[in-house]
1. Could you tell me whether region 65-77 includes any residue that is surrounded by fewer than 20 Cβ atoms within 10 Å (Cβ to Cβ), closer than 27 Å to Lys171 by Cα, without any contact (Cβ under 8 Å) to a residue 12 or more places away in the chain and not aliphatic (A, V, I, L, M)?
2. Within region 64-113, count every residue that is away from ligand 3 (no atom under 13 Å from the Cβ), assigned to a loop (DSSP other than H, G, I, E, B) and charged (D, E, K, R).
3. When the residues of region 148-164 are filtered to those that are at pLDDT 95 or above and away from ligand 2 (no atom under 16 Å from the Cβ), which remaining residue is surrounded by the fewest Cβ atoms within 10 Å (Cβ to Cβ)?
4. Would you tally the residues in region 230-250 being open to solvent by less than 60 Å² (accessible area, probe 1.4 Å), out of contact with any Ser or Thr (no Cβ under 6 Å at 6 or more places or on another chain), within 30 Å of Gln49 (Cα to Cα) and within 16 Å of ligand 3 (Cβ to nearest atom)?
5. Would you check which residues across region 132-147 are out of contact with any Lys or Arg (no Cβ under 6 Å at 6 or more places or on another chain), touching a residue at least 12 places away in the same chain (Cβ under 8 Å), more than 14 Å from ligand 2 (Cβ to nearest atom) and at negative phi and list them?
6. Please note which helices (runs of 4 or more DSSP H) are completely contained in region 148-255 and include at least 1 residues that are under 23 Å from His13 (Cβ atoms).
7. Thr303 fails exactly one of the following numbered conditions: (1) within 14 Å of ligand 1 (Cβ to nearest atom); (2) in contact with a strand residue (DSSP E or B) (Cβ under 8 Å, 6 or more places away or on another chain); (3) not small (Gly, Ala, Ser). What is the number of that condition?
Amino acid sequence: MTQNEVTQPTLRHDWKAEEVEALFSLPFPELLFQAHSMHRQCFDPRKIQASTLLSIKTGACPEDCAYCPQSARHKTGLEVERLFDVEQVLASAKNAKDKGATRFCMGAGWRTPKEKDFVQVLDMVKAVKALGLETCITVGMLNEDQAQRLGEVGLDYYNHNLDSSPEFYKKIITTRTYQDRLDTLANIRKTDVKVCCGGIVGMGEAREDRVGLLLQLANLPTHPESVPINLLVKVKGTPLGEQSFPALPPIEFVRTIACARVMMPKSVVRLSAGREGMSEEMQAMCFFAGANSIFYGEKLLTTPNPDANEDIKLLESLGMVTEQLPGDVPQQAATTGA
Ligand code: SAM
Ligand code: DTB
Ligand code: SF4
């Protein structure tokens with residue numbers, strides 16, 4: 001082996017709960033060392049992928065997800081919006097591209113898309129892709145035929161989260177089963193569309209549930225190419241927004257990112273919802289632990305996200321850069337004249 005050759009880690013799909021618990025419990029410097037070493041074997045540790053979100057249809061969702069402001073069952077005062085037309089979506093996508101995002105993620109508050117709406121979503125995917133952006137959508141449960149059709153229009157990623165361990169999941173969602181989610185993921189896997197699948201922590205779950213979530217993700221037949229780790233955004237009027245439970249300690253969140261990195265070495269791990277409440281130091285630690293993607297832009301779906309300029313400043317201060325679309329001038333270089 002030459003000096004420049006780096007050994008590629010083996011991808012495992014046979015993790016046991018005890019092993020993951022032991023990983024979580026490692027002395028913090030040891031866990032971070034393992035995670036960062038793994039990260040460097042597979043990725044350039046300076047690079048962060050930036051995805052911008054747009055809610056293309058907001059609220060009035062029939063599901064009862066206890067964390068979500070879009071459920072029709074929770075009184076959050078959220079303004080319901082009909083499905084956007086393609087032009088509205090394109091305007092947002094162009095703006096995201098101009099600001100330096102490389103992926104545009106469109107989300108809808110649906111249990112599953114109706115045919116008429118689905119056709120419109122296919123048009124959105126085609127139009128956004130034509131701008132040169134990567135496309136991602138999250139529009140609920142999909143059958144095999146819908147997954148195939150998304151593959152045919154060239155959708156890059158489908159986001160569908162497992163959210164938590166199977167045991168804790170039952171406490172937060174009753175209208176859709178864990179198996180329903182696994183079935184949608186399997187339908188996507190039959191196509192060329194890449195899988196974006198992760199979960200939410202900080203919902204009052206125990207460490208064993210975070211272990212359980214990562215076990216499910218890493219033991220899928222193929223690791224999701226993208227793994228969003230969301231920290232609960234507590235929204236007033238949602239069951240989880242009204243309950244009081246201890247906040248997840250920041251170090252435990254970093255441990256979760258580090259374990260995801262060790263268990264799914266080649267997946268892009270996204271530091272997702274919840275960055276508004278995180279210090280710069282905590283985000284920097286998450287990047288060191290192996291997070292290499294963020295949601296970029298002032299809004300997630302319905303809740304705020306850090307200002308894009310603040311994120312650019314943060315990355316600059318860390319000597320890090322956002323990943324670029326092929327042929328684009330590096331944004332930081334353009335702004336600093338470097
Ligand atoms: N309705 C579709 C579905 O659930 O499949 C797609 C949109 S849904 C809002 C996408 C994901 O956003 C959820 O699976 C959940 O992981 C995340 N999410 C929703 N509300 C959140 C919150 N308050 N804090 C953190 N993540 C949240
Ligand atoms: C994901 O894992 N997180 C995003 C995206 N996939 C669709 C959504 C976060 C939503 C946070 C609450 C909101 O803004 O409504
Ligand atoms: Fe509906 Fe998705 Fe929110 Fe659940 S997470 S209530 S399915 S929009």
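The values are calculated or read from the model by the stated rules, or taken from the named source; none is laboratory data. Just so you know, these numbers come straight off a predicted model, no measurement behind them. With ideal geometry, Cβ positions are generated from the backbone for all residues, glycine too; neighbour counts draw on all protein chains shown. Only protein heavy atoms, including side chains, enter the accessible area calculation; ligands, DNA and RNA are left aside. Shrake-Rupley method; radii C 1.70, N 1.55, O 1.52, S 1.80 Å.
1. The answer is yes, given that some residue of region 65-77 is surrounded by fewer than 20 Cβ atoms within 10 Å (Cβ to Cβ), closer than 27 Å to Lys171 by Cα, without any contact (Cβ under 8 Å) to a residue 12 or more places away in the chain and not aliphatic (A, V, I, L, M).
2. Matching residues across region 64-113 total 5.
3. Applying the first criterion (at pLDDT 95 or above) to region 148-164 yields 148-153, 155-164.
Still in the list and also away from ligand 2 (no atom under 16 Å from the Cβ): 148-149, 151-153.
On the way: Gln148: 15, Arg149: 17, Gly151: 15, Glu152: 12, Val153: 15.
Among residues in region 148-164 that are at pLDDT 95 or above and away from ligand 2 (no atom under 16 Å from the Cβ), the one surrounded by the fewest Cβ atoms within 10 Å (Cβ to Cβ) is Glu152.
4. Of the residues in region 230-250, 4 are open to solvent by less than 60 Å² (accessible area, probe 1.4 Å), out of contact with any Ser or Thr (no Cβ under 6 Å at 6 or more places or on another chain), within 30 Å of Gln49 (Cα to Cα) and within 16 Å of ligand 3 (Cβ to nearest atom).
5. Within region 132-147, the subset out of contact with any Lys or Arg (no Cβ under 6 Å at 6 or more places or on another chain) is 132, 137-139, 141-147.
Subset that is touching a residue at least 12 places away in the same chain (Cβ under 8 Å): 132, 137-139, 141-144, 146-147.
Adding the requirement that they be more than 14 Å from ligand 2 (Cβ to nearest atom) leaves 132, 141-144, 146-147.
Across region 132-147, the qualifying residues are Met141, Leu142, Asn143, Glu144, Gln146, Ala147.
6. Once the helices (runs of 4 or more DSSP H) in region 148-255 are filtered for at least 1 residues that are under 23 Å from His13 (Cβ atoms), what remains is 166-172, 178-189, 207-218.
7. (2)
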